[in-house]
1. Hey, if you drop one equal point scatterer on each alpha-carbon of the range B:161-261 and run the Debye formula without solvent, what base-10 log of I(q)/I(0) do you get at q = 0.10, 0.11, 0.14, 0.15 Å⁻¹?
2. Could you compute how much accessible surface A:I65 exposes when probed at 1.4 Å, giving the result in Å² to the nearest 10?
3. What residues does the range A:57-79 have that are buried by at least 30 Å² of accessible area in the full protein assembly compared to the chain on its own, 1.4 angstrom probe?
4. Taking amide H atoms as placed 1.01 Å from N in the peptide plane, list the residues 5 or more away in sequence, or in a different chain, whose amide H sits under 5 Å from that of B:D72.
5. Among B:127-133, A:66-72, how do they line up by average Cβ neighbours within 10 Å per residue, starting with the highest?
6. Given the pairs A:K32/A:K91; B:K114/B:K154; B:K141/B:K227; A:K110/B:K154, which span a C-alpha to C-alpha distance of over 30 angstrom in this model?
Amino acid sequence: MAVKKTNVSPKSAAVIHLFEGDSADDCVAIRKDVDAVLAGMSNNAISATTSNDALVSLYIIPDKIQFLYVLLNQALSRYSTFKEFQSGDIKATATVGDIRDAAYSHCNVKCSHT
Amino acid sequence: MLKKTNVIAIGISLMFAQLSHAQASSLDDFTLRLAKTADNKDAEKPAILGYQRNDGGVSNYMTEGALKADYDFGQGNSATFTPSAAWNHNTLSTTSTNNWSYGLGLTDRSIVTKSGDALVYSGSLSQQRDMTKDSNASIVKAGATWYGWPEWKKEGAPDYAAIRPTITLFTKHVYSAQADKTTGVTPTGTMSGAVVSLDAAAVFGRWSIAASAQALQPSQVVAGDTKYTHRLSVASVTYQFVDPPLTGAQQKATGWVPGVSLIRQVGDDPLNAVNRAGYTQLVLTIQY
């Protein structure tokens, strides 16, 4: 997948990701971008190590979860294969893993581990 | 037959339901959903259905909801075009409300900070039918809602509290209506003005509180009406009989969640054809 520009820091290696295959680097980059959006929305309550099974509503006020998709669209637009989220794509009942997985899917990248 | 001011109703809250999500390429941006209200302040509020049968055998009911379709566009899909149809029927209250409307809405979300503080602009054109007055009206509205402070969130728990202020400018043209039986005046013409509202919500474990207060100040009124500030207040306290889920696995394992809500509404809203009334309801709810 072509990335328009990249700002992936070597520090991202500090977080252990177990992605495998040809798209592993893309998966790491997307995961980092998504986690940065989630961290901002939750005042840093969500981090790269937050469990995929955690409900987003434990960290973000439910009626503000509706704005996540706009910030994700801004953050992920640098990926050439990215297809924008719609306003109804991310529900207030979503988990952190749901959003990470949705980001990989919208970037048309298959990631072996989230 | 006496109509009780305070009623006990048994109802079902139908949580926000995604009716369809088209996958075809030309319809990728299109969603259709059931929601409580036609505006966009809180699209996840439940639709309501309540029923009461009193000792005299008279049945009353209330139902409020909206059917909406969304089409997203603009930078980051931050704008949404929303055709909708909405209804509000309530014969439980001291003065009945019975109206329906359909129209076109436009919403634009301006995200101000990384933490999701946002200013949401909304506008709409709609047609409204007020069955209680046998009147028809055209409505134009434009407003903005602030999603930011004051708010509070407990990290790692569902607990939170937030207040959302909204200001709306409107004009409502009533073009057909029945003449008032006592004054003989036909209440047609244009009402315009501003509405300021505060919507508050808080969750503490199994308990949740919601409150809404609005003041409508008309600058112009229809024939036979007088200018004064119309106020409408709605408050509810809900208790759910099970703890809220903390993980996705718990959420999937949770089936229908029973609860009980105490709802109190007082006042009127001539813009949305809600007649002056006050009522209290104790409602059994089921969320899923």
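The values are calculated or read from the model by the stated rules, or taken from the named source; none is laboratory data. Keep in mind it's a predicted model, so treat the numbers as computed, not measured. Here Cβ is always computed from backbone atoms with ideal geometry, including for glycine, and neighbour counts include all displayed protein chains. For the accessible areas, the whole protein counts, side chains as well, though only heavy atoms, and no ligand, DNA or RNA atoms are used. Shrake-Rupley method; radii C 1.70, N 1.55, O 1.52, S 1.80 Å.
1. Computed log10 I(q)/I(0) values: -0.52, -0.58, -0.73, -0.77.
2. It works out to around 0 Å².
3. At a threshold of 30 Å² (probe 1.4 Å), the residues of the range A:57-79 that become less exposed are A:L58, A:Y59, A:I61, A:P62, A:D63, A:K64, A:Q66, A:F67, A:Y69, A:V70, A:L71.
4. When sequence neighbours closer than 5 places are left aside, the close amide H contacts are B:F81.
5. Highest mean packing first, the order is A:66-72, B:127-133.
6. Listed pairs above 30 Å: A:K110/B:K154.
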